[in-house]
Structure formats: structure tokens, C-alpha cells
Amino acid sequence: MSWLSSVGGMLARAGAPEVKEPSDLLLKNLEQSNHREDRRRNLIGLKNNASVDSVQRKIIGSSLGSFVNVCKIDREDTDIIKDVLDILTTLMSTSSGQIKVIPTGTPERDNIDGFLKDPKHLTVILELLDDRDSGIRFQITQIIQILLMNNRNSLQQHIMSINMGLARLMDLLKDSREFIRNEALLILLELCKSGSQELQKILAFEGAFDALFAIIREEGGTEGGIVVQDCLQLINGLLRDNVSNQNYFRETSCIARLTGLLKISSSDAWILTDDKTNILLLTLKTISLLVCGDNPNTHTNQSVMLKNNIINVVLPLAIGRVNSVILRTRALYTLGDLLYGNRENCTLFSSLHIHIEDLNPVLMTSNNSVIIHSNPKIQPALSRLLAVVLRASDVRERIAAVRVFKCFLYENDEGQLTLASTLTPSSLDEAINADTTKSSIGTQLIHHLLSWEDDQEALPFRSWFSCTILMYILRDEPSSKELVLKIPLEIPKSGVPMVTLLTKCTKNLVLCCQLSSSQNQSGNSMTNAPNRAPVKNHLVQIALLRLLCIWMDNCSYAVRIFLSAPNNLPFLVETIITSSSSSSDTTDDHVIHTDGLCCLLLGLCLKLCEDDANSPVQPQFSREAIHNIIMQRIGLDRFSSKLDSLKKSDQFIRAEAGGADHNLSLDDVDEKEIKSYSAMETLQQQLSHVYYYDYDFTLFYKATADKIQKQLRSPKHFGKKTKGNNKQKENRSTEPKVPVSTSDSGVSLPKTVENSSNSDAVLGSYKELIRAQDQELESWKSRNRELEEKIARLESQKGDNRNSDENPPNSQNDTTVKLLEEKDQTITRLQQQVSQLEEKLEEKQANNTAPSEEEFLGLTQAYSQLEMMIVDLQKENRELKLKSQNTASPLQQAEKDRHIARLEQQLKDMQTQHQKENRAKLAELQFTSLEKEQEDLLAELANLQMENEQLKGE
């Protein structure tokens with residue numbers, strides 16, 4: 001054994017390269033030699049030394065320019081060129097010879113950086129590609145790959161600056177020798193990773209697409225291997241974010257070439273190789289790049305794909321029985337991109353049918369031989385798509401199928417109305433018990449939406465996705481919203497309101513919240529592995545609230561139906577008020593979403609609540625009552641805080657960034673991970689794939705929430721004006737008449753409110769009247785301040801006017817007398833009206849009965865008219881004062897000053913009296929304040945009449 005080992009060591013030492021001549025001497029001779037043979041001999045010695053160790057490579061690398069000069073001098077000598085290229089490759093790579101990233105600070109990395117410092121070095125190397133010799137071309141590709149791997153940016157800049165640099169690389173791609181063509185393919189693929197649009201354009205117009213499809217055809221299309229995959233990756237790299245290349249791709253009829261890459265046989269559907277799966281995935285990604293994103297020519301590309309039957313070949317991959325979850329998911333995303341915003345493609349899709357193979361095609365014959373038995377079923381594409389949503393095993397595949405519904409219904413009012421018309425309960429129980437797939441799309445959606453309690457899944461995905469699709473059917477389509485509201489879900493009964501999908505959804509929402517509340521009180525939480533009910537209820541709550549918000553947006557009829565039920569509004573208010581105190585730490589994220597959506601729904605009720613005399617459905621709560629509930633019971637700060645908290649949640653931010661429409665790629669999902677999904681993922685991992693909102697909903701939420709908050713901070717949008725407002729009369733006349741009853745306390749309350757927990761809402765409406773009276777006091781104070789300013793100006797002008805003419809023209813006095821007579825008649829008429837109302841009021845008080853609503857409103861309107869008349873009289877009195885300033889004596893002026901002082905004191909007394917009365921009972925406030933105001937107004941009238949008589953005498 002020792003002899004054999006010694007012999008092996010001698011042979012190893014004999015085979016190892018040794019330095020026979022110093023490298024610095026060989027470099028000096030190479031630079032000074034004038035004969036080709038001398039240069040050849042020196043190059044052989046340097047080649048041998050370079051392969052010894054890094055020290056020799058460092059020495060030789062200091063003279064890289066010498067090797068480039070040799071290439072210029074001996075360009076026609078193939079052997080010398082090969083030796084130079086071998087030396088350069090050795091100097092820039094490790095001893096293993098593999099192409100990999102070299103650490104900085106090593107001699108090899110220094111040689112790479114030194115070579116790229118001078119662009120002329122790379123120019124000479126690329127010019128050598130004109131030689132058709134396979135050895136030279138292959139060695140140049142190796143050098144370029146080394147440079148790409150270690151300093152791609154510098155290399156790309158040099159190639160772009162070199163004349164015909166990219167053209168020479170493209171010529172390598174067209175080389176008939178496969179090993180050279182494949183190396184060129186890898187180089188171009190690595191260059192395109194930089195995302196340079198200029199580089200992409202040059203390659204495209206140098207014929208890259210034609211060359212790549214030619215390689216794909218030579219490799220057998222979908223039957224090809226890694227080379228076809230590299231070609232498709234390079235095509236995608238040239239198309240990504242490059243509108244010019246996408247247009248060129250379409251105009252050169254390259255879209256039609258994609259059809260053949262998507263066709264698979266029936267046997268492939270069951271057994272797909274990894275290479276074929278990757279080829280199909282990359283082709284689907286190519287289609288998505290052409291029809292998604294910010295490409296302004298998306299619609300044009302979609303139309304061209306319609307002509308080339310792209311949808312027909314994508315459809316079996318998306319909703320067929322292809323035995324690859326990742327392929328079906330990717331195909332669903334591509335199908336959605338083809339449909340998004342294109343009416344022609346959506347019309348075609350709604351008319352397509354698909355052949356579904358039997359789930360168990362393998363059968364045993366009598367001879368124990370296995371045969372493939374196919375029993376296809378024909379099913380509409382939309383129905384099959386819904387089946388994927390409801391029954392697919394992978395959550396991400398179901399999410400992709402829901403996205404197809406979203407893209408199909410986007411700006412497709414005809415499709416929305418068609419699906420909305422199928423939301424009928426006809427033969428629902430029979431359809432569910434027999435075969436759900438035979439019932440209509442709308443029937444299945446209603447069933448799974450309302451049967452969330454019976455869902456056997458760990459999470460209520462059927463109910464969640466059904467609710468999401470319903471939201472897409474109703475979004476931005478008023479006709480669909482009203483159509484669904486007119487479809488009864490139960491047989492109508494006389495005297496009972498019609499049961500619609502909206503009423504069913506609200507009842508399920510209340511039930512779900514009650515279950516969540518009871519589970520929280522009993523100590524259940526999401527951390528208990530066996531108990532999944534809280535998570536289930538939370539998802540259903542968010543889904544129903546989200547649906548109701550979209551439904552009520554710009555649909556006042558839906559708001560009236562929602563508010564016609566006496567318990568809906570109190571439920572929203574109680575949920576907002578009590579959720580924070582009753583929630584546990586494990587459900588805080590859920591509380592943020594439910595509170596925010598409840599506030600948005602309440603704001604939509606406030607925004608769109610209106611009475612329609614022609615509508616059979618009338619709301620139980622007025623807009624003013626809802627406004628008072630938000631401002632007083634909930635509080636504006638709390639209301640706004642809950643709206644803003646949802647916008648700061650992770651789910652909202654992720655959807656706002658467009659995450660819900662993220663397109664899967666080969667790097668995003670591992671097929672093995674998807675295959676083991678249902679058995680391996682936990683409850684929280686499944687939830688991580690669910691997005692509560694999409695990008696469109698975030699836009700809707702922010703715009704609506706901001707508008708509601710802005711209007712709440714401006715009470716003029718919702719409050720009633722107290723004086724001179726015709727709209728006030730219209731609003732009062734259109735308010736629904738609510739029967740009144742007298743409680744034990746003597747306060748008149750509506751019966752519907754007296755028997756419910758929402759009495760605060762009506763009490764708030766009465767308080768609104770008291771606030772209106774306070775506003776009247778403020779207006780009186782403002783008028784008093786104006787009068788004080790007038791008096792100050794009169795006093796300043798008093799000295800100037802004492803010496804003026806004391807006799808005004810007779811015609812002016814006559815006009816003044818006529819005006820005063822007309823005002824006296826008006827005052828008398830108003831006094832008679834007030835007296836009649838006083839008599840009725842005294843009779844009511846004597847009989848201990850409350851006045852009716854009509855009498856109360858009539859008295860208020862009479863007072864308003866009387867106040868307007870007082871304002872007019874005061875204005876005319878000021879004018880008369882100006883006219884009679886010349887005739888007024890100092891005594892008269894002093895009397896007027898005392899009269900103004902008395903008015904000011906009366907106003908102060910009125911304000912003090914109102915502040916005291918605000919602390920009394922509501923009923924006493926309601927009538928005592930009016931009596932006090934009546935006395936003050938009559939006193940004011942008497943004072944004004946006295947003043948008018950004095951002016952007449954003057």
C-alpha cells in the first residue's frame with residue numbers, strides 16, 4: 001500500500017502545473033516580441049502559470065492590456081485568440097472553473113474590475129464574435145457570463161455604449177449550434193433582469209421575439225424542456241413594463257403564437273410533467289403582462305386575444321380538472337385579466353360552456369385491466385366558476401375564482417343585472433337537497449350566504465365568498481340594487497312587510513353579533529384550538545357589514561327598508577358603543593373592522609335617509625334623529641375615531657396597496673406547498689390568505705367616510721333652520737305621522753319609541769327645538785349689538801344735525817304715515833292669530849292634555865312670522881329715525897336711548913329665563929319657554945306701537 005501511495009503522489013505532482021518561467025519575464029517578452037511564434041510561446045507559458053495559484057493570477061492580471069493588444073495584432077490566428085481567451089477566463093475565475101460570484105478583495109475580482117475599467121477591452125472581445133469559430137464564441141460567452149455575475153451594471157453600460165454590441169449578442173442567439181445559442185440565451189436573460197427599457201427595446205427590434213419563438217418551435221413547444229422555459233422568461237422580461245415592446249409584440253402577430261403553447265390533451269390534464277407545468281405557467285404570465293397593469297393598450301390587446309381564441313384555451317386550464325393547483329390558480333388570474341373592463345370578452349365568457357371530466361375516470365375491466373373511462377359533463381362557465389369558489393380545496397384558488405367574478409362584473413351592468421335576476425328563492429330547498437350545481441347562481445349564493453351556521457368548514461368561506469360576489473353584483477349599479485330589493489324570499493303575507501335579501505342579511509348580522517357576544521362572555525377566544533366559532537362569526541359579521549355598506553351606497557330605497565325595521569338602528573348604535581368595552585384582547589382586530597363598518601353604515605343612513613310619500617316603506621327614524629344620536633349618544637370624536645382606526649388597520653393598508661389583486665408568479669408560490677395546504681395549514685395560516693377588502697372598497701370607504709365626517713362637522717347640512725326657511729315647512733309636512741300616547745310623566749312620546757329602547761332619539765328631536773330657541777336668543781343679541789352701533793352713529797351725528805332744517809317735506813311725511821298704517825294692520829292680524837292660539841293653549845292646559853303636533857307646529861310658525869314682522873318693523877323704525885333726526889329734540893333722543901336700554905335688559909332676562917328652563921323637565925320646557933317668548937314678543941309689539949305713534953305725532 002505504501003508503494004502504491006508513493007506512486008500516486010509522484011503522478012499527482014507530475015500532473016500539477018508548475019512555474020517554469022517567471023510570469024513577469026513572460027509578460028515583458030510578450031509586449032516586446034515582434035514575431036507571432038514568440039508571442040505564441042509566451043502565451044503558452046502565461047497560460048500555464050495562470051492556472052497555478054492566485055499569486056500568479058495577480059501578477060499576470062496587472063497586464064490585461066497586453067492580452068487585448070495581442071487580440072488586435074493576431075486577430076486572424078485562431079489558436080492565439082483561443083489562448084488569450086483561455087488566459088482571461090482563468091484570470092477572472094477561481095481554481096474550480098465554475099462561474100460564480102467572486103468575493104471582493106481577491107486577485108480574480110480585482111482582474112474583473114480592472115478589465116471593465118477600460119471599455120476598449122470589452123469592445124475588442126465583442127468584435128471577436130464576428131469569427132464563426134465555435135471555440136472562440138463559446139469562450140467569449142463564458143467571459144461575458146463571469147462579468148455579468150460579478151459586475152452586471154458596468155457590463156451593461158459598456159455593452160449599450162459599444163456600437164453593435166447588443167446586435168452581436170443577438171447574432172449568438174441565432175447560432176445553429178445549440179450550446180452557443182443556449183449560452184447566449186442565458187446572457188440575454190441575465191441582462192434583462194436590470195429592467196432597462198432601452199435595452200429591452202433594442203433587443204426587441206433586433207428580432208428577439210422571432211428568434212425566441214423559432215427556438216421554442218425547434219424545441220417542441222410545450223413538449224420542450226428548460227430551453228423553452230428560458231425563452232418564455234426572456235419574452236416576459238422584454239414585455240414587462242414596456243408598452244413599446246408590447247405594441248411591437250402585438251403588431252408582429254406574436255399573440256397568435258401563444259395559443260399553441262396553452263393547448264393540452266385530455267391525458268395531460270391528469271398527469272402534467274414539471275416542465276410542461278412551468279411552460280404553461282410562463283405562457284399564462286405572458287398573457288397577463290399584456291392585459292394588466294397601467295398599459296394604455298390593454299383593451300386593444302384584449303380584443304386581439306379575443307380574435308385569437310385565447311379565452312377558449314385559458315378556460316379549461318382555469319376551471320377544468322387540471323391536476324395542478326398552482327396552474328389552475330395562475331390560469332384564473334389570467335382569465336380575470338382577460339375579462340377586466342372588456343365587454344366583448346365578458347359576453348363571450350358568459351356564453352361559454354366547459355366539458356368537465358368524470359372525477360373517477362379509472363375503471364377496472366373484467367380482465368383486471370385498467371382503462372381510462374371518460375364521461376364528460378357540459379356545464380356553463382359561470383356555474384363552473386361558482387363551483388370552484390364554493391368547493392375548491394385550496395383557499396388561494398377560491399380567492400382567484402372570486403377575482404374572476406370581480407373582473408367579469410367590473411363596468412358590466414348587463415352582467416350585474418343578469419346575475420341579480422337569478423337571486424330568487426324558487427325551489428331553493430329542493431335544489432339544495434338534490435344537486436346544488438343544478439340551481440341558479442343567485443340561488444346558490446343566497447343559500448350559502450344565509451346558511452353560515454350549518455357550514456361544516458373550519459372557516460365560513462362559502463358564506464364569505466358568496467357575500468363578496470353579491471357585493472360585486474350590486475356595486476355601482478342602482479338598477480341591480482333596487483331589483484334585488486323587490487324580490488321576496490318568502491311568500492308574502494297580508495299585513496306583514498315583504499321579506500327581502502336585505503332584511504335577511506340584517507337579521508343574520510344581528511344573530512351573528514349576539515352569538516359573538518355570548519361566546520365572549522363565556523370566555524371563548526380564538527386561541528382555543530377546538531373552538532372556531534368566534535372566528536367564524538367575526539368573518540360573517542365583516543362580510544355582511546361590507547355588503548350592506550355597498551348596497552346602501554347611493555340607494556335611498558335600501559336605506560328606507562333598513563330603517564323601517566325598529567331594531568336595526570339601535571343595533572348599530574349599541575354595537576358601536578358597547579363593542580370596545582366588551583371585546584377581549586384576542587378580538588381587538590375584529591372590533592376595529594366591525595366598529596368602522598358599523599359607523600360607515602350609520603353614516604350612510606344619515607346621508608341618504610329621506611322620506612318618499614309615494615313609497616310603501618317609510619323609515620322609523622328621521623335624518624335629524626340619526627344626527628342627534630351620532631352627536632349626542634355616540635359622540636363625534638368617538639364616531640370619527642372608529643372610522644379612522646379601520647383605515648389604519650393592516651388589512652386596509654394591504655388592500656389599499658393593491659395586495660388583493662396581486663398576480664401570482666412562479667416565484668410567489670411553491671406547488672408542493674399548495675398541494676399540502678389543506679392538511680398542513682393552521683386556522684391562522686388560512687386566514688392570512690383572506691383579504692377583508694379590495695382596492696376599490698378602500699377608495700369607496702375613504703371617500704364616503706371623509707364626506708360623512710365633513711358633513712357632521714357642518715350642522716347646516718342636517719339641522720333645521722328656525723326662521724324664514726320654507727324647507728323647514730316642507731320637512732315638517734313630509735315627516736311620517738307617528739301615533740302619540742301620554743306616558744305617566746305626562747310627556748308625549750311616539751308609541752313605537754315608547755315601547756322600545758330608542759326613546760333617546762325622539763327626546764333628542766325635542767331638544768332640537770330648545771336649541772333652536774337658544775339660536776333665536778343669539779340672533780336677538782346680534783340685532784341688539786347692531787342697534788347699539790346705530791345709536792353710537794346717531795350720537796356722533798347729533799351735534800351736526802341740530803342746526804339743520806326742522807321741517808321735512810310733506811310728501812315724505814305722507815309716505816311714512818301710509819307705511820305705518822299698513823304695518824298697524826298687519827300687527828293687528830298677527831295679534832288676532834296669537835290670541836286664538838293662546839285660547840287653545842289655555843284650554844289644553846286647563847284640561848291637563850297636551851297639544852297636538854299640528855297645534856304645536858302652528859303656534860311655532862305663528863311666532864316665526866311674528867318675529868319676522870318685528871324685524872321688518874325694527875328696520876323701518878331705524879329708517880324713520882334717520883329721517884326724523886332733524887326734528888328730534890334732546891328729550892326725545894333720551895327717551896329713545898332709554899327704550900333701547902329696556903330692550904337690551906329684556907333680552908338678557910329672556911336668556912336667563914331660558915337657561916333656567918333648560919334644567920326643568922322636557923315637557924315644561926316645551927310649553928313654558930313658548931309662553932315666556934309670547935309675553936316678550938307681545939311686550940315688544942306694544943313698545944314698537946308706542947314708538948310708531950310717537951313718530952306719527954312727530
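The values are calculated or read from the model by the stated rules, or taken from the named source; none is laboratory data. Keep in mind that this is a model prediction, so the values were computed, not measured. When we count neighbours, we look across all protein chains shown, and the Cβ atoms used for this are built from the backbone with ideal geometry, even at glycine. Please note that ligands, DNA and RNA were not included when accessible areas were found on the heavy atoms of the full protein model with its side chains. Shrake-Rupley method; radii C 1.70, N 1.55, O 1.52, S 1.80 Å.
Of the residues L317, L306, L261, which is in a helix (DSSP H, G or I), touching a residue at least 40 places away in the same chain (Cβ under 8 Å), closer than 21 Å to D210 by Cα and touching a helix residue (DSSP H, G or I) at 6+ places or on another chain (Cβ under 6 Å)?
Checking each option against the conditions leaves just L261.
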Original post:
Among the candidates L290, L188, L261, which residue alone is over 26 Å from T329 (Cα atoms) and surrounded by 15 or more Cβ atoms within 10 Å (Cβ to Cβ)?
Top reply: L188
Original post:
Quick one: is N308 open to solvent by 50 Å² or more (accessible area, probe 1.4 Å) and among the polar types (S, T, N, Q)?
Top reply: no
Original post:
So which of M160, M164 is at positive phi and either open to solvent by 10 Å² or more (accessible area, probe 1.4 Å) or modelled with pLDDT under 95 (or both)?
Top reply: M164
Subject >> Subset of region 638-695 [at pLDDT 85 or above, buried (at least 18 other Cβ atoms within 10 Å of the Cβ), acidic (D, E) and more than 16 Å from I542 (Cα to Cα)] >> reply: E656
Subject >> Residue ID - most open to solvent (accessible area, probe 1.4 Å), chosen from residues in region 127-141 that are closer than 16 Å to E178 by Cβ and assigned to a helix (DSSP H, G or I) >> reply: F138
Subject >> Tally, over region 458-486, of residues that are surrounded by 19 or more Cβ atoms within 10 Å (Cβ to Cβ) and at pLDDT 90 or above >> reply: 19
Original post:
Has region 278-285 got any residue that is out of contact with any Lys or Arg (no Cβ under 6 Å at 6 or more places or on another chain), surrounded by fewer than 23 Cβ atoms within 10 Å (Cβ to Cβ) and closer than 19 Å to L173 by Cβ?
Top reply: yes
Subject >> Single unsatisfied condition, K193 versus (1) surrounded by 21 or more Cβ atoms within 10 Å (Cβ to Cβ); (2) at pLDDT below 90 >> reply: (1)
Original post:
Residues of region 322-357 being without any contact (Cβ under 8 Å) to a residue 40 or more places away in the chain, of a type in the set (G, A, S) and either buried (at least 19 other Cβ atoms within 10 Å of the Cβ) or outside any helix (DSSP H, G or I) (or both), which ones?
Top reply: none
Original post:
Do you know which of the residues in region 77-114 that are among the acidic types (D, E) and surrounded by 17 or more Cβ atoms within 10 Å (Cβ to Cβ) is nearest to S62 (Cα to Cα)?
Top reply: D110
Original post:
What number of residues within region 32-68 are open to solvent by less than 80 Å² (accessible area, probe 1.4 Å), within 23 Å of K117 (Cα to Cα) and out of contact with any helix residue (DSSP H, G or I) (no Cβ under 7 Å at 6 or more places or on another chain)?
Top reply: 1
Original post:
Just to be sure, is L597 open to solvent by less than 40 Å² (accessible area, probe 1.4 Å) and at pLDDT 95 or above?
Top reply: yes
Original post:
If you go through region 115-126 one residue at a time, do you hit one that is in the same structural domain as I81 (by the TED database), more than 15 Å from M92 (Cβ to Cβ), open to solvent by less than 20 Å² (accessible area, probe 1.4 Å) and at pLDDT 90 or above?
Top reply: yes
Original post:
Do you know which residues across region 168-183 are open to solvent by 20 Å² or more (accessible area, probe 1.4 Å) and within 45 Å of the chain's Cα centre (by Cα)?
Top reply: N182, E183
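Restricting attention to region 380-391, does a residue exist that is at pLDDT below 55, open to solvent by less than 30 Å² (accessible area, probe 1.4 Å) and under 30 Å from P492 (Cα atoms)?
Looking for residues that are at pLDDT below 55, open to solvent by less than 30 Å² (accessible area, probe 1.4 Å) and under 30 Å from P492 (Cα atoms), one finds none in region 380-391, hence no.
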Original post:
For L449, which of the numbered conditions (1) surrounded by 15 or more Cβ atoms within 10 Å (Cβ to Cβ); (2) out of contact with any Cys (no Cβ under 8 Å at 6 or more places or on another chain) fails to hold?
Top reply: (2)
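One line per residue, one yes/no per condition, for (1) of a type in the set (D, E, K, R); (2) modelled with pLDDT of 85 or more; (3) under 60 Å from the mean Cα position of the chain (by Cα); (4) under 26 Å from T106 (Cα atoms):
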{"residue": "S2", "(1), (2), (3), (4)": "no, no, no, no"}
{"residue": "S5", "(1), (2), (3), (4)": "no, no, no, no"}
{"residue": "G8", "(1), (2), (3), (4)": "no, no, no, no"}
{"residue": "P17", "(1), (2), (3), (4)": "no, no, no, yes"}
{"residue": "S23", "(1), (2), (3), (4)": "no, no, no, yes"}
{"residue": "L27", "(1), (2), (3), (4)": "no, yes, no, yes"}
{"residue": "S66", "(1), (2), (3), (4)": "no, yes, no, yes"}
{"residue": "N69", "(1), (2), (3), (4)": "no, yes, no, yes"}
{"residue": "D83", "(1), (2), (3), (4)": "yes, yes, no, yes"}
Subject >> Residue that is least open to solvent (accessible area, probe 1.4 Å) [pool: residues in region 487-498 that are of a type outside the set (A, V, I, L, M, F, W, C) and touching a residue at least 12 places away in the same chain (Cβ under 8 Å)] >> reply: P488
Original post:
Hey, T277 hits all of (1) assigned to a helix (DSSP H, G or I); (2) closer than 20 Å to R250 by Cα but one; which does it fall short on?
Top reply: (2)
